[in-house]
Amino acid sequence: RSTLKRLSSGEEALDKAYDDAIKRIEAQQEGCSELAKRVLTWISYAERPLTIEELRHALSVNPGDTDLDRDNFEDMEDIVSFCAGLVTVDDKSNIVRLIHYTTQEYFLRIRQGWNPTAQQDITITCLTYLSFDPFKTAISNDNTTNATGVHITAKLGLKYLLEMILTELDEVGRAEAKDFNGRTPLSWAAQHGQVATVKILVERNDVNADLRDNKGQTPLSWAARHGHAAIVQLLAERDDLLAERDDVDADSKDYLGQTPLSWAARNGHVAIVKLLTERNDVDADSKDNDGRTPLSWAAEYDEKETAALLAGRDDVNADSKDNGGRTPLSWAAQNSAREIVTLLAGRDDVNADSKDNDGRTPLSWAAECQSWLKKSWVASLSQGTTAKRLMEREDVEVNSKDNKGLTPLMRAANHGFIVNIEAFLEKENVDVNLRDNDGHTALWWAEQSLNYRGVEILKSKISLIERDEYDGSTKNP
């Protein structure tokens, strides 16, 4: 340090001082000089200052390691000593840095000639480190195996490391290597929202931006599914970057027949739904293998904004039936999507009493909750409100029977939702004495499900004569 202060600021004088320091480093024993070279390489190539712990981790990794061995950690006093005064440690921040800003400038000029394999060595160290056992669960939580370093760096958004791998260790097919699920690094980057690494990959001529994995999903599909609008825009829109590569199908179907729009709609990614539906090459009413449309999925998952956006389009059939005969209103009713039920039931082009292949109407589905909501009072209250909303329409038959002869009231009684039972009994035309195909009434269903409050309410609606003669199971009272 004192030598640096005495030197003139001329580049030649500084270079001579640094050259002398390099000679002293190389004159040490082989192990000491090699360690010093690795330390100076890591510090001079790092994109940001390294802490003591980070540098120790980097220096301890050897090719072929499967886990971090702290016994390989170097002593910081040795590190500083072996580097011939070119490295110092900030005690407050624990940052390891070069002694002077001119030292960094010096290494920028000489590092390639002094250590020609530096970038390759750093790349190998990083890939070895990322392949350690503790990282495998975090990196491959979908049980993906056979992932390459390009997959991992693309997923984690390690832009500079990815560029280094693709440049310094260039091999045919590396940028488009497939894991056991047929997924490429671009697919991984798109799923995890890594815009920077997506850009690097799509700019390459050896990368197919629309390559399908084993389940037929493209990078665009993964990005749409997980809500990464910037990546969807990058892949789907033909901007200046992609003007020459017209190979991304924005309406591609996966093995389920679902499009990027379907995934975005069911997961409530409004910005992506808007972006895709504005394109002429995207079918906003596309049906998947089950005959379900993006609106159907949005309705089931109670995605209000995407459902409203899709239902408001002229090219979307708001009453479309899937392979099971179910409409978006039916799915919304089943899952107590009250606002979507209100939206769809308020339309003249929607049959609010439409029957599916099991003979069930939206009201029949609204009468009962999904099993995981069965004991939720809040869900029950919401379901009751949904049922009431449907019964406001004159064309909804409150006593409609499905293929098993079950009415909405019977289903409400069986599932124990008092608010629904009360909602049905408020209707003057509800028939509490109707029987299903096995001769059972709503009261029988309430008794079988131990719905004591429901039993009490239903009995209060049955005349004394009917109650005395009622046996709960026979077809003839």
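Every number in this text was worked out from the coordinates using simple rules, so none of it is lab data. Computed from a prediction, not measured in an experiment: that's the story for all the values here. Using ideal geometry, Cβ is built from the backbone for each residue, glycine included, and neighbour counts are taken over all protein chains shown.
To the nearest 0.05, what FRET efficiency results for D75 and A230 with a Förster distance of 45 Å applied to their C-beta separation?
Numbers: r = 45 Å, r/R0 = 1.01.
FRET efficiency, D75 to A230: 0.50.
Its Cα centre serving as origin, the chain has a Cβ charge dipole (Lys and Arg +1, Asp and Glu -1) of approximately 840 debye.
Each residue, R347 and D285, gets one label point 7 Å from its Cα in the Cβ direction; the gap between the two is 0.9 nm.
The Cα atoms of the stretch 216-314 cover 38, 25, 25 Å along the three principal axes, with the biggest extent listed first.
The distance from the alpha carbon centre of the stretch 193-209 to that of the stretch 268-317 is 27 Å, rounded to a whole number.
Assuming R0 = 45 Å, what is the FRET efficiency of E163 and K404, from their Cβ-Cβ distance, to the nearest 0.05?
Numbers: r = 63 Å, r/R0 = 1.39.
Between E163 and K404 the formula returns 0.10.
What full-extension length gain, to one decimal in nm, is calculated for F132 and D91 as 0.36 nm per residue of separation minus the Cα-Cα distance? Working shown, then result.
Numbers: separation 41, 0.36 × 41 = 14.76 nm, distance 3.00 nm.
Separation in residues times 0.36 nm, less the Cα-Cα distance, equals 11.8 nm.
Calculated from the alpha-carbon coordinates, the chain shows an Rg and a Dmax of 33.8, 115 Å respectively.
What shape does the stretch 1-132 take by its C-alpha gyration tensor, where a ≥ b ≥ c are the square roots of the eigenvalues and a/c under 1.5 counts as rounded, a/b above b/c as prolate, and the rest as oblate? Could you put the intermediate results ahead of the total?
Values: a/c = 1.91, a/b = 1.69, b/c = 1.13.
Cα axes put the stretch 1-132 in the prolate bin.
Arranged from highest to lowest average of other beta-carbon atoms within 10 Å per residue, in what order do the peptides 21-31, 324-334 appear? Mind showing how you got there, number by number?
Numbers: 21-31: 13.8, 324-334: 25.9.
Ranked from most to least packed, the peptides come out as 324-334, 21-31.
Calculated FRET efficiency, Q29 to D246, Cβ-Cβ distance, R0 = 60 Å: about 0.50 to the nearest 0.05. Of the peptides 443-454, 223-234, 115-126, the order by per-residue mean of other Cβ atoms within 10 Å, starting with the highest, comes out as 223-234, 443-454, 115-126. Protection proxy ranking for 87-96, 390-399, using the average of other Cβ atoms within 10 Å per residue and placing the highest first: 390-399, 87-96. With contributions of -39500 (n - 2.57) from each DSSP H run of at least four residues, the per-residue ellipticity at 222 nm computed over the chain stands at -14000 deg cm²/dmol.
Cα centroid separation, the stretch 19-59 to the stretch 384-403: 77 Å.
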